[in-house]
Structures are given as structure tokens and as C-alpha cells.
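The values are calculated or read from the model by the stated rules, or taken from the named source; none is laboratory data. It should be emphasised that the depicted structure is a prediction, and the values quoted were computed from it without experimental measurement. Here the Cβ positions follow ideal geometry from the backbone for every residue, glycine too, while neighbour counts run over all protein chains shown. Side chains are part of the model used for accessible areas, which takes the heavy atoms of the whole protein and leaves out ligands, DNA and RNA. Shrake-Rupley method; radii C 1.70, N 1.55, O 1.52, S 1.80 Å.
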Amino acid sequence: MDTISWDSVSWEDGGETMPAVCPACGDAAAKPVRLKVRSPWPPNPVQSLVVCSACGTAAYPTLTQPPYEAVFDPLVACYLEQNAGIDSMARVLSSVEPSQVKRYLELGCGYGLLLDYARTVFGWQVRGFDPGFSAQEGRQTLGVDISHSYLEKPEDAGEPHDLVFCSEVIEHVFDPISLLALLRTVLTPGGTLMLTTPSAGAIHAGTRPGTLLSLLSPGYHFVLFSKEGMETILRRAGFADVRVVDQGHSLLAAASPGTLSVDFDRPYDRRLYRSYLETRIPTLDPASPLGLGYRYRLLKELTHAGDYAAARGAADQVAEALRLRWDHLDLSDPAALLAHLKAAPVPQGVEPYHATAPFNLCGILYFHGMLAWQLDGRRDLAALWFEASALAGERMRAALHVIGADDGETEELSWRARANIPHVLAWDAPDRAAGGAAGLGTLESPLLRERIPGDILEDAQRKIFVDLVNLGQYGAADRLAAAVEAALPESGAVLASTAFALGILTLNHRKAPRSAAAFFGRAHRACLELPDRATAPIVQALVWPALFHQGQALVNAGKKEEAGEALRGLLKPEAGLPSVSLDLRARTELLVRTQRLPT
């Protein structure tokens, strides 16, 4: 196999066209070529991706059926250890009221992880279809009902199902309208079909390299639907009620032969996911890819939730599981582990990589770094963990590139790990932290020669800036202020916190009270515009301090009339907002009285 990476993509100007029938809307006109990329399957032909001018759906018209039945073991291990987004898929299922579902069918269920989740958490009767190798192994390991075959006719599915789910399946299908029509026949009259699939709207050069390559998946994906294309094909397949949401890089679709009863905004209770992991982990061999993968997912879940003490116990379980197969990866010594990764040769394929490390090593090291930082207060060790995490992630992605694959989460964690290295310096070496943050935009990754994605760069610089301001390190923070101000969003919690920090810096360091008042005003308005302003933590923390500091800054600027008007809102707060603390009210009243402000 040849190595297929993001820079193997050749973007075309649309001047070349190819004959092709759109799989979504049926348009038969010649279609412009959007890009070309080589297939990972020998003899590595160049595949042209064309885009339908009528509905925006993209497809590889010359692609032939890849050998899904022959997917080899290391890719299954990659799925179990790292790729399988059980929580993301479970969130989709939460769009449906669980009590409305008795029988659940999943097409392309793979190992059957979501079948097991639905059976364990909701008590549904579950069944899956998948011709791949992993389906056989999952059926044996988890004891779920999986037919190791394609679904070809309604009778294969048995009784009608209340819910059918296809997660990242339809993009592989060469005759998607026939499949959708078949799925409609296996639903109950009021049943629901749900699908997730990559979005054609993300096919552009601005998409992160790891995400773009996963989305394109040359040699594997046949069709990439647009929102309009997905809506069209579902109606062409006979569904009466259709709903499609473009989530940026993916589409979420629901359809019913009757009337839909789904709520894409229904809150997902992550406690169900945590409970599922805790229930399943003791039943799984820790040395197996599934056992390690579930232990890692619990570590990730607990760390994201801020339950660092429990995450430490999960990290110990991960370390023990790692020792059972890769005893050269010593998680007790991050410096030695980093040295090992630097000295190791670049893996030349998926199998050689997996012989030396698990596919989730990047994440394992990243969350060890978070615990060293947030739980242990060992920022020196955290920096070592983050450096090792970034390198481990690149090594894993380089191995996947050999088969034309990539992993978006690993790409993100690798870059966030690199961004955290200057962040942890903010407390002990603020000038180095600011310099490191400023230099992130020009940093090139050592193996893949990539640059940090813009959204991660902006987020990292903003967080480092805010922490430097909160630490009183105004000189260091000022080095980042211009970039942070240029990246201010139009609204939201991020605007509130960042504008407040800019106000503090501008008032106390730049000595520009009029400009500082404008920043505080933006922070206050951002709090008021949040839909959950009565309960949002950022509103609780900043809505009144922002208004007080706006008033103080206006006083310093000699604008007493405007200061009084601002502070009037604090002394007479409108209904539906958090209460003003007694201390802040007293400080406000003192300012009004001593400055004789009109309120």
C-alpha cells in the first residue's frame, strides 16, 4: 500500500468534468471534479471526487467495491481502542424517547458496541447486520445478536423495528436509495430511521487535515452527501417526514414513514455512559483492545467531567492494562517515555505500529498530563506528558496514513497537547508562556509537517492570555492581547470571559479606562445574551463584576454620567438574573457615594 496523507489531495479548479449520476438527487449532468486523491488499495489509482451542481453531493464515480469482509485485525484494534465514538453514537440515540423503542436494529454495527449499550442502558431488544470481521468477534465477545451478512430483504430483519440506526454507513453504499427504501420497509409505521454520515459541506482546504482525510477516506467512501442531497434521497426513498442537520463535518438525519418524534436537542445524560463503562469494564480482558479501549474511555470521561480523583483510579487501570501487552511503555516515568518515543523509528504501517503501542496512546498520555496539572499540581511533569502525547499522536496518524486513513480526535489531542506545553508555564515562567503561545502559529509538527488548526490556536492563546491576566502577569499577557482581541467571537461565554480579561489588562496595565469600559460592557452584554443566563456559570461569575468594573473604568475616564447609568443596572438588577453579592453591592454603593454618581 502507498501512503495517503492530507497533502496527497490535489484540489481542482472545477474546469474538468466527468460523467456521473448523482447518487442523491439523480441528476445526470456531467459533474465538475473538486479534487483528486490516490486510493490506498494497490495499484493506487487516482480517484476523482465530483460534486453535483444540483444538490451539492459529492462522489467518487470510478470507485470499486473495497474488500470490507477482509478488514484486518489491527484496524479492528484501532476501532476498539480509539476510533469508536460510543458516546457520540449514544447521544444520537438519546434524540428518541427510550420508552418509545422496543426493537432496535443497527446496520453496519461493526463490533456491536452500540447494540450492547442500547441493550444494557435501555433494555431494548437489539439486532445488528455487518459483514465485516469485527462483527464476528463482537458477537462472540459481547453476546449481541449480529448477523454476519448484508441486509438484503425485509424478511432478514424479522419483526418491524421501532428504531433503525446507520452510523457512518451510507457513505460506503453504491446504491444508497435502494438501501434506504429497504430500511423503510423494516420500520414500524411510526418508526424512526437515524443516520450519521460525513458532510460534503466540509470538503474544502480549510478543514483540518486529519478530519479531511477521514471524511474523504479514499478507497472506502463512495458518496458524501450534502444536507440538501440527504433530504432529497430520503424523500425519494419514500419517507414522509425527514429532518437533516448539518453539524459541520457530519450530517445527522432522521426519517419516518409516518410522523417523526425526535428531538435533536434532547439533553444527553452522560451519567448513563459512565455507568455503562463502569458496568462493562470488569467483564473485559484488560489486555484486549476492547478492555484497554473501555478503560481509556472511562479515563477520558472522568477527566473531562473534572472528577480528577476518580480519573486517577481509571488512569491506574489503564497503566496496568498497558503493561500487559506493551511493558516497554512505562507510565511511571514520562521523561523516559518521551525519550523512547523520540528514539523510536517512524512506523511504516498499521501492524508495525500496533506492535509497539496502542492506538489510543496519544489520549492516554494527554489525560495523564491533565491529571498531573489539575490534580497533582505538577506542571513540570504535565509538560513532559503533553510533549510525549503530541509525538505519540503523530506516530499513530503516520501509520494510519499508509492505508489512507486518519483520526480526527488524535489530531486534535496532539495539537492541544502542544498548546498546553506553554500554558503550564504561565504560573512559573509567564514570559516563556507568552512567547510559546505566540509561536504556536508558526510551529510545524516534526513528523507530518502540519500547522496548528486555527481554532485550536485561537483557543489556546485565549486561555493562556486569560490565565496570565488572572495571575497579574500583565506584561506577558500584553504580548498576546492583539491576537486575542482579533479573534474575539461575536457572542457567547468565550466573549464574556475574554472581554473581561481584556478589560482588566486595559484598565490596570495599559491605563486606558475608556477602552477598558468598552471591554467590560461587551462582557456584560455577552452574559445577558446567553439563553441560560439565569444559571450559566459564566453569568454567575461575571455579569455583575463586569458591570461594576465598567462603572469604575468610566469614573477613571471622567465619564461620571455614563458610570452612574452603568451602575444603576447593578443596584436595580432586572428579574431573571443572579443576585448581586452583598460585598459587590456595598462596593458599588461606596463608589456611587464617594464619586457622587447619578443613579
Q: Pairs of Cα atoms under 8 Å, at least six residues apart: use those to get the relative contact order of the range 498-599, whole percent.
A: 23
(Q) I'd like the Karplus ³J(HN,Hα) series for the range 112-124: coefficients 6.51, -1.76, 1.60, θ = phi - 60°, whole numbers in Hz, and an x wherever there's a Gly or Pro. (A) x, 5, 6, 4, 5, 4, 5, 5, 6, 7, 9, x, 6
Q | Cα shape, the range 273-383, gyration tensor, a/c 1.5 rule | A | oblate
Q.
Can you work out the Karplus-derived ³J(HN,Hα) for every residue in the range 104-111? Use 6.51 cos²θ - 1.76 cosθ + 1.60 with θ = phi - 60°, whole Hz, and x for glycine or proline.
A. 10, 10, 10, 9, x, 7, x, 5
Q. Hey, which of these cross-link pairs are over 25 Å Cα-Cα: 463/560; 511/559; 102/153; 463/511; 511/572; 102/227?
A. 463/560; 511/572; 102/227
Q: Evaluate the distance, in nm, between pseudo-label points positioned 7 Å from the Cα of residue 174 and of residue 535 along their respective Cα→Cβ axes.
A: 5.1
Q: Return one whole number: the accessible area per residue of the chain in Å², for a 1.4 Å probe.
A: 40
Q: Can you pull the one-decimal nm distance between simple spin-label points at residue 44 and residue 150, each 7 Å off the Cα toward Cβ?
A: 3.0
Q | Assigned charges on the beta-carbon of Lys, Arg, Asp, Glu; the chain dipole about Cα centre (debye) | A | 2040
**Q.** Amide H contacts of residue 187 (H built 1.01 Å from N, under 5 Å, at least 5 apart or other chain)
**A.** 161
Q: Sort the following peptides by mean Cβ neighbour count (other Cβ atoms within 10 Å, averaged over residues), highest first: 369-375, 152-158, 99-105.
A: 369-375, 99-105, 152-158
Q: Please label the shape of the range 506-599 as rounded, prolate or oblate, based on the square roots a ≥ b ≥ c of the eigenvalues of the alpha-carbon gyration tensor (a/c under 1.5 means rounded; beyond that, a/b larger than b/c means prolate, else oblate).
A: oblate
Q) Taking the Cβ-Cβ separation of residue 378 and residue 10 as r and a Förster radius of 51 Å, what is the calculated FRET efficiency to the nearest 0.05? A) 0.65
Q: List the relative contact order of the range 387-450 as a percent without decimals, with contacts defined as Cα pairs under 8 Å and 6+ residues apart.
A: 32
Q | Cysteines without a disulfide-compatible neighbour (Cβ-Cβ under 4.7 Å), the chain | A | 78, 109, 166, 362, 527
Q.
I need to check one value: relative contact order of the chain, counting alpha carbon pairs closer than 8 Å and at least 6 residues apart, in percent.
A. 9
**Q.** residue 335/residue 595 FRET efficiency (R0 56 Å; Cβ-Cβ; nearest 0.05)
**A.** 0.50
Q.
I'd like the Karplus ³J(HN,Hα) series for the range 51-58: coefficients 6.51, -1.76, 1.60, θ = phi - 60°, whole numbers in Hz, and an x wherever there's a Gly or Pro.
A. 10, 6, 6, 7, 10, x, 6, 10
Q: Within 10 Å, count the other beta carbons around each residue, average over each peptide in 132-139, 335-342, 11-18, and list them highest first.
A: 132-139, 335-342, 11-18
**Q.** Estimated FRET transfer efficiency (residue 326, residue 205; beta-carbon r; R0 30 Å; 0.05)
**A.** 0.20
Q.
Using +1 at the C-beta of Lys and Arg and -1 at the C-beta of Asp and Glu, which of 599, 573, 475 has the Cα lying farthest in the positive direction of the dipole of the range 472-599?
A. 599
